[in-house]
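Notes for the one structure printed next.
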Amino acid sequence: MNKTIRRASVFCLLLVLALLVRVTWVQAYQGQALAEDEHNQRNTIAAYANPLGNIIVGGEAITGSQQTGGNTYGYKRTYTNGELYAPVTGYSSQVFGKTQLEYVYADVLNGSDNRLKTPMDVFTNKRADPGNVLTTVDAEVQKAGYEALKGKKGAAVAIDPATGAILGMVVNPSYDPNRITGALDGEAWKELSADQGKALENLAARNPMAPGSTFKLVTLAAALENGLVGSLDTPTGIPDPYTIPGTRTLLKSEAGSAACNNVSVRTALRLSCNNVFAELSSRLGQDKMRAMSEKFGFNQEQRIPFRADPGKYPSKKMSKDQVAQTGIGQFDVQATPLQMAMVTAAIENGGKLVDPHIVSQVTDSSGSVLESFDEPKSRQVVSPETASKIQDVMRTVVAEGGGKPAKVAGAEVGGKTGTAQRGVNNSIPPLAWFTSYGKLGGKQIAVAVMIENSDTDRSEIGGGRLAAPVAQKMMQAWLQG
């Protein structure tokens, strides 16, 4: 009888223990899942109960936290030079969510990331002291690009080709994220989110557009890698006037037929002769053109670490005339300034593309490193010989062609101008593009600039009158800084 009682007691004890374990599991693990739910208002309130960690540029915090004095949220996010750095930081709003680095590293910045916690903190879901995000952005390059873009609508990206570090990412017009961080900023949000949120768009890394003649660098790379072009200075035999294959449509160049008839690749790039690059693309065919584009990052997911839109080269079967048009960066070819900066960075870096990134380290409150981007992935896009040849002709564009405004005293600079036509019969003002690289004293930089909706004469846009000076200022800030 006593044995039966003891067995029953043991069974009851085990049952109680099992129940306690179950309750603990529900509290700890399901509670953790609830806490991580972005729709959980308590989680949002907790995130702003204390000061946030910071986003850092050049050792200086460009973010902060301010006490609200309210009953719901203890603090709200603040920004130093908000418009200047908005394409990098994004915004952190108590009501409207987060974007860019604020979104990617929200858990680090609010102290809820498990890497910041002790084992007991993880078990109890206690928030730790927040961490910080250190960027690769150079303050002087960022300021130079921002100032140079004033009065224009567009965007620019600068990359260190050797490391993949993004040195600058600027957009104009920008916005001040301070306007929408609080709980009572509905009117400001309504204004900024109007017109499908275009005021909040990061045109440097999102919403790709036709790259125009800057894409001729990709076409030339494909032609060199596939043996279609050998010497840079031998006449190509490609006529002008030139009829787009499969059509009766003449393809014109700003330089005119006489200047572009049977010219060398060097002359064709300097004068931006459409006939040469359309014909090269047509001879290469869609598959080889797409393959080269994808080596440079087109059609590939990009995270820097926030999501960036990749360039687009058509995958759907195209007609001969459409393939020819892609060779000059038209038809359905699209790119962001980030994408074209990647193309130029790979060319400058001996044909090797290093993954671009805008964060160098993520640390805890004491400075211990949680993540490091010191060794990003890289891949050989084209041979060093091909890269050297393209650099050679790009130098000619700056020395003798439309890229002259990009010259930096004492530096080696190569570039490519571009004009992208838009709308039926060019009814929408074209895009002005310029992409370039610079080298001086062991430093190197690649920059791509896009100017939108200009009313400047089309030939002046193609000549680099608008975009090249922006690239020049950003290159100068880095190379001579």
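The values are calculated or read from the model by the stated rules, or taken from the named source; none is laboratory data. These figures come from a predicted structure and were not determined experimentally. When we count neighbours, we look across all protein chains shown, and the Cβ atoms used for this are built from the backbone with ideal geometry, even at glycine. Calculation scope for accessible area: heavy atoms of the full protein, side chains included, ligands and nucleic acids excluded. Shrake-Rupley method; radii C 1.70, N 1.55, O 1.52, S 1.80 Å.
Summary of computed values
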{"item": "Test result for SER281, within 30 Å of ASN202 (Cα to Cα), in contact (Cβ under 8 Å) with a residue 60 or more places away in the chain and either hydroxyl-bearing (Ser, Thr, Tyr) or open to solvent by 40 Å² or more (accessible area, probe 1.4 Å) (or both)", "result": "no"}
{"item": "Set SER315, SER319: member being in contact (Cβ under 8 Å) with a residue 60 or more places away in the chain, surrounded by fewer than 20 Cβ atoms within 10 Å (Cβ to Cβ), out of contact with any strand residue (DSSP E or B) (no Cβ under 9 Å at 6 or more places or on another chain) and not hydrophobic (A, V, I, L, M, F, W, C)", "result": "SER319"}
{"item": "Conditions (1) in a strand (DSSP E or B); (2) over 23 Å from ALA86 (Cβ atoms): number failed by VAL362", "result": "(2)"}
{"item": "Residue selected from the range 180-205 under the condition in a helix (DSSP H, G or I) and touching a residue at least 40 places away in the same chain (Cβ under 8 Å), by the criterion surrounded by the most Cβ atoms within 10 Å (Cβ to Cβ)", "result": "ILE180"}
{"item": "Residue under evaluation ALA268, criteria (1) of a type outside the set (Val, Ile, Thr); (2) open to solvent by less than 70 Å² (accessible area, probe 1.4 Å); (3) within 19 Å of THR326 (Cα to Cα); (4) assigned to a loop (DSSP other than H, G, I, E, B), criterion not met", "result": "(4)"}
{"item": "Long-range neighbours under 8 Å by Cβ, at least six apart or interchain, first residue more than 18 Å from SER366 (Cα to Cα) within the range 114-125, second part of a helix (DSSP H, G or I) and at pLDDT 85 or above", "result": "VAL122/ASN114"}
{"item": "Contacts under 7 angstrom Cβ, first residue in the range 328-356 being within 15 Å of ASP392 (Cα to Cα), partner open to solvent by 10 Å² or more (accessible area, probe 1.4 Å) and aliphatic (A, V, I, L, M), 6 or more apart", "result": "ASN349/ALA162"}
{"item": "Residue tally, condition in a loop (DSSP other than H, G, I, E, B), among the polar types (S, T, N, Q) and within 15 Å of GLN142 (Cα to Cα), over the range 52-111", "result": "2"}
{"item": "Close pairs (7 angstrom Cβ cut-off, 6 or more residues apart or separate chains): at positive phi in the range 90-112, acidic (Asp, Glu) and in a helix (DSSP H, G or I) anywhere", "result": "GLY90/GLU102"}
{"item": "Odd one out for PHE298 among (1) part of a loop (DSSP other than H, G, I, E, B); (2) over 25 Å from ARG206 (Cα atoms)", "result": "(2)"}
{"item": "Checklist (1) over 30 Å from THR80 (Cβ atoms); (2) in a helix (DSSP H, G or I) applied to GLY237, failing item", "result": "(2)"}
{"item": "Pairs where the first residue, in the range 398-421, is within 14 Å of ARG465 (Cα to Cα) and free of Cβ contacts under 8 Å to residues at least 60 places away in the same chain and the second is open to solvent by 60 Å² or more (accessible area, probe 1.4 Å) and part of a helix (DSSP H, G or I), C-beta under 8 Å, 6+ apart", "result": "VAL398/LYS404"}
{"item": "All positions within the range 384-425 that are charged (D, E, K, R) and either in a helix (DSSP H, G or I) or open to solvent by 10 Å² or more (accessible area, probe 1.4 Å) (or both)", "result": "GLU385, LYS389, ASP392, ARG395, GLU400, LYS404, LYS407, GLU412, ARG422"}
{"item": "Any hit, the range 191-208, residues being at pLDDT 95 or above, under 30 Å from PHE331 (Cβ atoms) and of a type in the set (Gly, Ala, Ser)", "result": "yes"}
{"item": "GLN444 being surrounded by fewer than 24 Cβ atoms within 10 Å (Cβ to Cβ) and modelled with pLDDT under 95", "result": "no"}
{"item": "Odd one out for TYR146 among (1) in a loop (DSSP other than H, G, I, E, B); (2) touching a strand residue (DSSP E or B) at 6+ places or on another chain (Cβ under 7 Å); (3) farther than 30 Å from PRO384 by Cα", "result": "(1)"}
